[in-house]
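For reference, the structure discussed in these notes is given below.
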Amino acid sequence: MTRQAAFQRFGPKVKEAEARGGAMMRALLGEAPELAKEVVRAIVESRIDDAVTNYFGAEISVVLTPDKLARAWGDLVASFGEWEDFTGSAAVISGDYVVAETRLEFEAGTVTCRSTWSAEGRLAGLYFVPVAE
């Protein structure tokens, strides 16, 4: 159903819902980089179960289990050394999601943590992408 057809069928309630959803996404746009940092801190501090329980949405928690996340982080540490700090972050709205990119500095390189957040503020995707220097 197109937006126009929905408006004709359901009236102004569609527009009101869009306005509320847009406001939620704009709020999440400011929060997403900090949420991503909280997830990384939990992983670094070996609180992976907390990260999954507190931040992960239903779909990603089925695919990215705590064991898989621990292995992925172990691979990053094996490749780049110990994590040192965050150096920058940004976020954009992409469709029904907010995508945050946060730079992670390791002893031997930089990795971008790309996290995707649903309108409900739950993690929907998590990627660690090495930065080519």
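Before moving on, here are some points about what is shown:
- Of the strands (runs of 3 or more DSSP E) lying entirely inside segment 79-124, those containing at least 2 residues that are crowded, with 19+ Cβ neighbours inside 10 Å span 97-106, 109-118.
- Asp75 falls short on exactly one of the conditions (1) part of a strand (DSSP E or B); (2) of a type in the set (Asp, Glu); (3) open to solvent by 70 Å² or more (accessible area, probe 1.4 Å), and that condition is (1).
- Reported count of residues in segment 120-130, each being farther than 15 Å from Phe56 by Cβ and within 12 Å of the chain's Cα centre (by Cα), is 1.
Here is a yes/no grid of residues against (1) open to solvent by 50 Å² or more (accessible area, probe 1.4 Å); (2) at pLDDT below 80; (3) farther than 20 Å from Leu123 by Cα; (4) over 14 Å from the mean Cα position of the chain (by Cα):
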position: Thr2; (1), (2), (3), (4): yes, yes, yes, yes
position: Gly11; (1), (2), (3), (4): no, yes, yes, yes
position: Gly21; (1), (2), (3), (4): no, yes, no, yes
position: Glu34; (1), (2), (3), (4): yes, no, no, no
position: Phe56; (1), (2), (3), (4): no, no, no, no
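- Among the residues of segment 38-93, those that are under 28 Å from Arg26 (Cα atoms) and among the aromatic types (Phe, Trp, Tyr) comprise Tyr55, Phe56, Phe86.
- Segment 66-110: number of residues that are hydroxyl-bearing (Ser, Thr, Tyr) and more than 16 Å from Tyr127 (Cβ to Cβ): 1
The values are calculated or read from the model by the stated rules, or taken from the named source; none is laboratory data. Please read all numbers here as calculations on a predicted model, not as lab measurements. In this analysis, Cβ positions are derived from the backbone assuming ideal geometry, glycine residues included, and neighbour counts consider all displayed protein chains. Each accessible area value is taken on the protein alone, full model and side chains, heavy atoms only, with ligands, DNA and RNA left out. Shrake-Rupley method; radii C 1.70, N 1.55, O 1.52, S 1.80 Å.
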